[in-house]
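The values are calculated or read from the model by the stated rules, or taken from the named source; none is laboratory data. Predicted model only: the values in this text are computed from it and were never measured. A quick note on method: Cβ atoms are made from the backbone with ideal geometry, for glycine too, and the neighbour counts reach across all protein chains shown. Heads up: the accessible areas ignore ligands, DNA and RNA and are worked out on the full protein's heavy atoms, side chains in. Shrake-Rupley method; radii C 1.70, N 1.55, O 1.52, S 1.80 Å.
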Amino acid sequence: MVEVNMEEVVRRALEKASTLGLEVQRGGSFLLDESVVFKALSDELRKYDILYLDIREALDNYRDLVVEYSRKIGIKIPEKVSGGVLLYIPENVKVRDPIFTCFAISKPGFTQKIANLYVVEDGGEAVAAKGCLAYVWEGAHVGLTGVYLGKRAKLVSVMLHNWMPKVAVSSYTKVLALDNAELYEYYINLTSLYKIRYLVDILLKGEGAKARSDMVIIGKGSSDMTYEVNARLLGENSSAELRSRILGRENSRIVAKASITALASETRGHIECHGLLLSRDAKIATIPKLHSSIPETTLTHEASIGRISKDALDYLMAKGFTEEEAISIIVRGFIELGLDRVPTKLRGLIVRTIDTIAKPGM
């Protein structure tokens, strides 16, 4: 077993990049358009046989690997993309600190096409922290991500979306998990956008494979948002938990779909989706679905949509909080989801994000 100290890896990468006079650190993240930094980090990780490459370089130099694992997952990486990454973690190599990537739209009207491939071999571990954002008012983002988890492999995936009001987004992720693999996905969006279609398919093929997805969805402005997460329990004793918290503000429209299908014995699944309306014009729909063709499974779901309780508001105001402060406390408690599973080094960022979202008018 090999454990990689990412602090040491990043320190060496920054030292290499800084020798070229480049201002390399941006809030703890690495931006792919800063190619010198990305290359330095990639070179350092390669010492542990980890591949962290721009997907276009991966297609040029590791095409057989990309094709092999894409086929196993059931996707096809396009030949022409704007960018993306290949992250390959070898067998029994563990990286418990986050590896950051960031994709930004900086040209008005540009359609950004991203393809990612994450491979964690048997016994490996990784934490992938991803950010997608726009610096300009309008544009489009099309994303495709494939994830392969070998036996006993573990992946924590944290995604932050930060778009603009006239940006359209289409994102598809497909996950294949083998025996006793574990996946944890955390997603949060921060801003309004024109439209998003976000789909995740999780195939728990191996015996004892586990997946959990936590989503914090914020509807603002006139955003048209559809999120869908599907889990298929194909291996005996596999399990999935899909949870979401949805805030509806202004005249946004949010549809959150989740489904679990049990196709093997001794499987378990739970769906939990709750919506909070903060505006009379906002619309939320939650659509949980459970499917089973065998009796040896336990599948459950719970869903709710409501408004802030007047009793809760009155209680906090009686304690001395202003109405604005009371609303912020209630909203923060509602959207605080899954922090216990977010790695410590990312938790502070998520907490600050939640604090910002919870403020009235944000």
Problem - Sum of -39500 (n - 2.57) over DSSP H runs of 4+, divided by residues of the chain (222 nm, nearest 500) - result: -7000 deg cm²/dmol
Handout entry: Given charges at Cβ of Lys, Arg, Asp, Glu: segment 98-209 dipole, positive-most of SER171, GLY146, TYR186
Key = SER171
Problem - Inter-label distance for TYR48 and PHE321, nm, one decimal - labels placed 7 Å from Cα along Cα-to-Cβ - result: 4.1
Problem - Descending semi-axes in Å of segment 228-283, equivalent ellipsoid built from Cα gyration tensor - result: 32, 9, 5
Exercise for the section: Order ARG249, ARG63, most accessible first, counting only protein heavy atoms with a 1.4 angstrom probe. Expected result: ARG63, ARG249
Practice task
Take every DSSP beta bridge whose two residues both sit in the chain, then give the antiparallel share in percent to the nearest 5.
Solution key: 5
Practice task
Could you pull the accessible area for VAL127 with a 1.4 Å probe, rounded to 10 Å²?
Solution key: 10
Practice task
Taking all pairs of distinct Cα atoms, average 1/r, flip it, and tell me the Kirkwood hydrodynamic radius of the chain in Å to one decimal place.
Solution key: 21.3
Practice task
On the full set of protein chains, 1.4 Å probe, figure out the accessible area of VAL67 and give it in Å² to the nearest 10.
Solution key: 50
Handout entry: Surface/4 estimate of mean projected area, convex hull on alpha-carbon atoms of segment 244-349, nm²
Key = 9.3
Practice task
Springs between alpha-carbon atoms under 10 Å, Gaussian network over the chain: tell me which of LEU290, LEU277, LEU349 tops the mean-square fluctuations.
Solution key: LEU349
Problem - Accessible heavy-atom area order of GLU57, GLU250, highest first, probe of 1.4 Å - result: GLU250, GLU57
Handout entry: Neighbourhood net charge (9 Å Cβ-Cβ; Lys/Arg +1, Asp/Glu -1) for MET215
Key = 0
Exercise for the section: Report, to the nearest whole %, how much of the accessible area of segment 39-169 belongs to carbon and sulfur atoms, 1.4 Å probe, protein only. Expected result: 50
Exercise for the section: Just need the Rg to Rh number for segment 100-173, please, alpha carbons only, Kirkwood Rh. Expected result: 1.07
Fill in the blank from the handout: Note to self: with every protein chain in place and a 1.4 Å probe, the chain gives an accessible area per residue in Å² of 44
Handout entry: Environment charge at HIS274 (Cβ cut-off 11 Å; Lys +1, Arg +1, Asp -1, Glu -1)
Key = 0
Practice task
Return the long-range amide H neighbours of HIS270 (sequence gap of 5 or more, or a different chain), with a cut-off of under 5 Å between placed amide H atoms.
Solution key: ALA240, GLU241, LEU242, THR300
Practice task
Heavy atoms only, probe 1.4 angstrom, no DNA, RNA or ligands counted: give me HIS141, HIS270 ranked by accessible area, highest first.
Solution key: HIS270, HIS141
Handout entry: Rg and Dmax of segment 124-273, Cα atoms only, in Å
Key = 15.8, 50
Problem - Top of LYS166, LYS80, LYS151 by mean-square fluctuation, Gaussian network on the chain, Cα under 10 Å - result: LYS80
Completion exercise
Counting only protein heavy atoms and leaving out ligands, DNA and RNA, the solvent-accessible surface of PHE38 at a 1.4 Å probe, in Å² to the nearest 10, equals 20
Handout entry: Residue of GLY248, GLY338, GLY348 that the Gaussian network model of the chain assigns the largest fluctuation, springs spanning Cα pairs under 10 Å
Key = GLY348
